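Below: one structure, written as structure tokens.
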Amino acid sequence: MAVFKYTAIVLFLLVSACAPEPTNSYCSTHKSAHKEHQMEVAKLVINANKKGLVEVNFSLPSNQLEKTNERLKQVENILEVRGQGSCTLVSIDVNQEGESVKAKYHLDCGVNKPLKQVDIKLLDNFPNIDEVEADIKTAAVRKHFVISRQCKKPIFEF
Amino acid sequence: MRVIKQFFSTAEDLELIGNKSEIDGLFRLQRRNVILFITLCYGLGYVCRLALNVVKKPLMDAGVFTPEEMGIIGSTMLYGYALGKFTNGFLADYAHVGRFFAAGLLLSAMTNMGMGFSNVVWLSATLWMLNGWFQGFGAPSSVVSLASWYSNSERGRYYGLWSTAHSIGEGLTYLGVAFLVAAAPKGLGLSWQWGFWTPAIICVGAAFLVYQYLPDRPRTLGLPTVADWRQDHGEAKTGVDESIWKTQLKVLTIPSIWILALASSSMYITRYAINSWGNVYLQEIRGFDLFDANLFIFFNTVAGIAGCLVYGLVSDKWFNARRPPANFIFGLLELLPLFVIFYGPKDPLILAAALIVYGFGLSGILASLGGLFAIDIAPKKVAGAAMGFIGIFSYIGAGMQDYISGKLIGESEIAFNFAVSGQQTTVFFYDYSKPIVFWVGASVVSIVLAGALWRVRASE
């Protein structure tokens, strides 16, 4: 019986010594609040299919660009794709449509050369962008989430 | 050392009680205690075994462990369990099962406690392997109790009842632990550490119950063997005067036991694939949140309770204690829903229905391949060894599965890194198509192997 008693005391002490992690109120409430400003947020849509083709669509309100859309014409300012082989840039198309700027990039990474890593550089290279809504589809799965400068983790199911 | 050995050893046989009504009364009381406490406490002990599965995705998302590392940690537990079930199976034949079982639960609680403090792969893998070893005290103790207190013609039903413990434990884990760590409003939003600490507390309670209420063998209480008491003997009463060790070795010379071990091993690949990776698959590929994904897995475990009970009844009553026909029926009920789950329509209702049928079929066939059929075939006084032998194969299969699945999933990984003000946020994408072929294929192999035992019947 003594074993159980002391085990219970140790367990209680261990558990009671722990405190919950601090949370950021913006991040914890943004799941429900995102829709309110969804139209003003930069959007990134990536479709990477089985044939090794990667299609990237990026749009943002033009007021989030510093001056011109020149930087959008360099794909390395947007993302860098790494796979088993190297990827070739097939086309770039950047257009101003009303109050937003739209950019399309096509890359060919080769059949049977799966992607391993994609580095998205938008938030580093475009300081006026605070948040990106990403919709990414690979051959197996699609994920829709928000990346915000204020949050350490992506926000899903908004 | 001698004191420990003495504490855990089964007591000497006592002289038989002369009064028949006293024998009947004692048998009734202890048989009730046995089935109640092995079922309840084995189920509660399960929570300490499966905690990692629920917190797998939070651990992967937080970058604490990669899928491959999770696979390594998960597989060490299953290897530890395989070894534990085998060696403890042999030990359980000599043990006071109440004390033996209680020690396993208590030690398992300690390792779960430690897991909550570790974010180092080798430490977590070691702790989880030890947990597997300690978890391996429970099943042999329970099976030895069943073999000691229930006779051939009723064992299917009671074994089925005890097997519901797997589902009770899985259900408690996939719903209870998921509730603790799932984000509000569906859960309490506690950190992943609580996914280990709460099961630890539960296992301490279970250890206390089993220590208090699970009895030693009938002969140590002055009762006759259950076969004599119920006048229920099998085909041949072999090796009555043979030592336990010699009879245990004989188990290894029975070809059916080897085939059964391979069949069970294959089925355990599928079982632990769904248990370990099913909720991660549902979150990653099907887009459910942690709570809902675990709720789906919970449906399968609840259906498992019915599966165990119905399997015992069907094989005992419809097929006159013949397991192979029931194995075939339950095998198909397990296999066909897998195609619906992975390749069928994406409707959540269909997914839930498929998981329910899968859980029902799986629990039934597992009750048989994982133990009941083995103790039918083996001499009864070495039921623990027979169970241990099947167990080591089963959990080697399960352990290999965890590592292979983790590796296949890890190899398919695509990391989308978002550089944010000097920091980096990563969202991982995985492809489960190769692991799924592996999981479903294992079930097919298992059913074919089990079919090869069509003509095998119970001994003693």
- [ ] Among what's in region A:134-147 and is touching a residue at least 24 places away in the same chain (Cβ under 8 Å) and at the interface with chain B (Cβ under 8 Å from one of its Cβ atoms), pick the residue that is surrounded by the most Cβ atoms within 10 Å (Cβ to Cβ).
- [x] A:I147
Open item on the list: I need the full set of residues from region B:317-372 which are among the acidic types (D, E) and assigned to a loop (DSSP other than H, G, I, E, B), in order please.
Closed with: B:D347
- [ ] Would you check which residues across region A:110-133 are facing chain B (nearest Cβ under 8 Å), within 12 Å of the chain's Cα centre (by Cα) and more than 23 Å from A:N49 (Cα to Cα) and list them?
- [x] A:L123
- [ ] Working only within region A:84-109, note down all residues that are within 15 Å of A:A42 (Cβ to Cβ) and of a type in the set (V, I, T).
- [x] A:V94, A:V101
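Hey, among the residues in region B:285-317 that are of a type in the set (D, E, K, R) and under 30 Å from B:Y430 (Cα atoms), which one's modelled with the lowest pLDDT?
Taking region B:285-317 and keeping what is of a type in the set (D, E, K, R), we get B:286, B:289, B:292, B:316-317.
So of that shortlist, the ones also under 30 Å from B:Y430 (Cα atoms) come out as B:286, B:289, B:292.
Values: B:R286: 88, B:D289: 85, B:D292: 89.
Here the answer is B:D289.
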TODO: Kindly provide the set of residues from region B:218-252 that are basic (K, R) and either loosely packed, with under 15 Cβ neighbours inside 10 Å or modelled with pLDDT under 80 (or both), ordered by number.
DONE: B:K237, B:K246, B:K250
Open item on the list: Quick check on my filter: what residues within region B:93-144 are among the hydroxyl-bearing types (S, T, Y), farther than 30 Å from B:K246 by Cβ, touching a residue at least 12 places away in the same chain (Cβ under 8 Å) and surrounded by fewer than 20 Cβ atoms within 10 Å (Cβ to Cβ)?
Closed with: B:T126
- [ ] Output yes when any residue across region B:16-25 is out of contact with any Pro (no Cβ under 7 Å at 6 or more places or on another chain), of a type in the set (G, A, S), free of Cβ contacts under 8 Å to residues at least 24 places away in the same chain and surrounded by fewer than 10 Cβ atoms within 10 Å (Cβ to Cβ), and no when none is.
- [x] yes
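Evaluate region B:173-186: report whether one residue or more is outside any helix (DSSP H, G or I), free of Cβ contacts under 8 Å to residues at least 12 places away in the same chain and at negative phi. Show your work before the answer.
Let us first name the residues in region B:173-186 that are outside any helix (DSSP H, G or I), namely B:182-186.
Narrowing further to those that are free of Cβ contacts under 8 Å to residues at least 12 places away in the same chain: B:184-185.
In the following step, the residues that additionally are at negative phi were identified as B:184-185.
Scanning region B:173-186 turns up at least one residue that is outside any helix (DSSP H, G or I), free of Cβ contacts under 8 Å to residues at least 12 places away in the same chain and at negative phi.
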Task: B:N294 being away from chain A (no Cβ under 14 Å), assigned to a loop (DSSP other than H, G, I, E, B) and over 26 Å from B:P140 (Cβ atoms) - done: no
Open item on the list: So, B:F288, is that one within 14 Å of chain A (Cβ to nearest Cβ), of a type in the set (F, W, Y) and in a loop (DSSP other than H, G, I, E, B) or not?
Closed with: yes
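Mind telling me which of the residues B:S405, B:S446, B:S412, B:S433 ends up being polar (S, T, N, Q), closer than 22 Å to B:A354 by Cβ and within 14 Å of chain A (Cβ to nearest Cβ)? Steps first, please.
Values: B:S405 fails: within 14 Å of chain A (Cβ to nearest Cβ); B:S446 fails: within 14 Å of chain A (Cβ to nearest Cβ); B:S412 fails: closer than 22 Å to B:A354 by Cβ.
On inspection, the qualifying residue turns out to be B:S433.
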Open item on the list: Name the single residue that is surrounded by the most Cβ atoms within 10 Å (Cβ to Cβ) among those in region B:171-197 being modelled with pLDDT of 90 or more and more than 9 Å from chain A (Cβ to nearest Cβ).
Closed with: B:G195
Task: Subset tally (residues that are touching a Leu at 6+ places or on another chain (Cβ under 7 Å) and acidic (D, E)) for region B:138-185 - done: 1
Task: Check on B:L282, of a type outside the set (V, I, T), touching an Asp or Glu at 6+ places or on another chain (Cβ under 8 Å) and closer than 27 Å to B:D402 by Cα - done: yes
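Conditions tested, residue by residue: (1) at pLDDT below 90; (2) under 28 Å from B:Y281 (Cβ atoms).
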{"position": "A:K73", "(1), (2)": "yes, no"}
{"position": "A:E80", "(1), (2)": "yes, no"}
{"position": "A:S86", "(1), (2)": "yes, no"}
{"position": "A:Y105", "(1), (2)": "no, no"}
{"position": "A:A134", "(1), (2)": "no, yes"}
{"position": "A:I147", "(1), (2)": "no, yes"}
{"position": "A:F156", "(1), (2)": "yes, yes"}
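Out of A:N63, A:N112, A:N95, which single residue is on the phi > 0 side of the Ramachandran plot and at pLDDT below 90?
Numbers: A:N63 fails: on the phi > 0 side of the Ramachandran plot; A:N95 fails: on the phi > 0 side of the Ramachandran plot.
Exactly one residue qualifies, and that residue is A:N112.
Can you name the strands (runs of 3 or more DSSP E) wholly within region A:25-116 that have at least 2 residues being surrounded by fewer than 17 Cβ atoms within 10 Å (Cβ to Cβ) and of a type in the set (D, E)? Break it down into steps so the answer makes sense when it comes.
Details: elements: A:42-48, A:53-61, A:79-83, A:88-97, A:100-108.
Output list reads A:88-97.
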- [ ] Scan region B:408-434 and report the pairs whose first residue is over 21 Å from B:I285 (Cβ atoms) and whose second residue is in a helix (DSSP H, G or I), with Cβ atoms within less than 7 Å and a gap of 6+ or a chain change.
- [x] B:F418/A:L123; B:A419/A:L123; B:A419/A:D124; B:V420/A:L123
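The values are calculated or read from the model by the stated rules, or taken from the named source; none is laboratory data. Note that the coordinates shown come from a computational prediction; the quantities given were computed from them, not determined experimentally. Because the Cβ atoms are built from the backbone with ideal geometry, glycine has one as well, and the counts that use them run over all protein chains shown.
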